[in-house]
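Read the structure below first, then the notes.
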């Protein structure tokens, strides 16, 4: 019987990655992410899946970011009881990210109820911290390159994808059909992460397209970072860097450490105000087999920042108007402690809000980069008069040229290449490049679309 591939997320948008393979009797899910950004997307998180979660026989994660793993607590809450497979670093990172996501869901709902700005009475969390902790029991780690059999009769294999610690591309061989899921692909020649590795052959391929229509600036990210810090401090201002707690925060600390050691930064303090990023740093130092740094280099990079632990310390940092650098989550300013720093520092033109990667449509980060003169946080509008910049060359996502470089690693064209995990313009641009330069048949799938794989 032919396999059916269903696009339950990550189609027509960057977030919510969920791809289901079904042979008529058995089902597995590749990635299990939350939708983020526009309200119309976030509302999809509340809708039930078009399949009974208890009927799924496995989930395979490409990596730990919430738009690829964050739906797991809901899946388990709604009856899923099978293994969740991922690389060892991905499993360790999920043990940090998922409970934190549940905690933030509860805090946001509580804040909305106390301040009365939610339309829902009462506002409820999408899932709780307990839901997230319960879901961790089903995590199972697997090694890169090793074939693993699944209960449904399929086999799976992981290869490094770069991007963040533990990120993988996934190959599924089932019913005589081979399907490869790129996951999020990283950069080539990154100073920290390994290069993404393709599989040599596949019948069907799903490839991400986050930057399918863009090329990263050929600028040294460390020099660009130093320039922003120097100019901001010269104005007497503070640099606030919203950063993904996993991946981007560690990359920023690495560059800041190198700059400070070379005498390229003003003598100002650097703060890491994200308990999750601090915990992720420990995982980073543990898994030196999955990146280019030694354990000693990891520790020295992490030590460049003062770690802000308690909420009281975070509030004191916000009230301190002396020049400094604050690295804080979340990376798209969708939640977390960075919001309190933005409320304090965004209204003053002396300061700089520095983004360091992709900003999904509908997020505060995207709005600020688009020139919004005010943003809504915690039920009130905050003016944005600070300088707003984006170091997109620090992105952990491959650009259009790098995506093509990865694709050229395949020794034969797939029957169909599905373009996923991108905004419509980016996905279509990548489709055009692949068809024109490689001559491969491509399809940009719609959300909910099903395709027969034979």
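Going by how many other Cβ atoms sit within 10 Å of their own, how do 38, 410 line up, fewest first?
Starting with the residue having the fewest Cβ neighbours, the order is 38, 410.
What angle, in degrees between 0 and 90 and rounded to the nearest 10, separates the Cα long axis of helix 221-234 from the longest principal axis of the Cα atoms of the chain?
30
Helix 248-261 versus the longest principal axis of the chain: what angle, 0 to 90°, nearest 10, using Cα atoms?
Computed tilt is about 50 degrees.
Using only the alpha carbons, work out the radius of gyration and Dmax of segment 298-379 in angstrom.
Answer for segment 298-379, Rg first and Dmax second: 13.4, 40 Å.
Rg and Dmax in Å for segment 85-203, alpha carbons only: what are they?
In order Rg, Dmax, the Cα atoms of segment 85-203 give 18.8, 56 Å.
Can you pull a Stokes-Einstein diffusion coefficient for segment 212-279 at 20 °C (1.002 mPa s), Rh from Kirkwood over Cα pairs, as a whole number of µm²/s?
My calculation gives 162 µm²/s for D.
Shape verdict for segment 239-310, please, from the Cα gyration tensor: rounded (a/c under 1.5), prolate (a/b greater than b/c) or oblate.
Details: a/c = 1.89, a/b = 1.19, b/c = 1.59.
Oblate shape, in that a/c is at least 1.5 and b/c is the bigger or equal ratio.
In deg cm²/dmol, rounded to 500, what helix-only [θ] at 222 nm does the chain give when every DSSP H run of at least 4 residues adds -39500 (n - 2.57) and the total is split over its residues?
Rounded to the nearest 500, the figure is -9000 deg cm²/dmol.
Multiplying the sequence separation of residue 286 and residue 380 by 0.36 nm and subtracting their Cα-Cα distance, what value in nm do you get?
So the chain would gain 29.7 nm between residue 286 and residue 380.
Report, in degrees rounded to the nearest 10, the 0 to 90 angle that the Cα long axis of helix 88-115 makes with the longest principal axis of the chain.
Its long axis makes an angle of about 60 degrees.
Over the residues of the chain, compute the C-alpha Rg and express it relative to 2.2 N^0.38 Å.
So the chain has a normalised radius of gyration of 0.95.
Stretch residue 188-residue 310 to full length: gain in nm at 0.36 nm per residue minus the Cα-Cα span?
This chain segment gains 40.2 nm when fully extended.
State, in angstrom, two size descriptors of segment 221-394 derived from its alpha carbons: Rg to one decimal place and Dmax to the nearest whole number.
When restricted to Cα atoms, segment 221-394 yields Rg and Dmax of 15.1, 45 Å.
If you find the alpha carbon centre of segment 38-63 and of segment 312-338, how far apart are they in angstrom?
32
Read the figures in this text as sums done on the coordinates, not as results from a lab. Worth saying up front: this structure is predicted, and the values here are computed from it rather than measured. Glycine also receives a Cβ, built like all others from the backbone with ideal geometry; neighbour counts cover every protein chain displayed.
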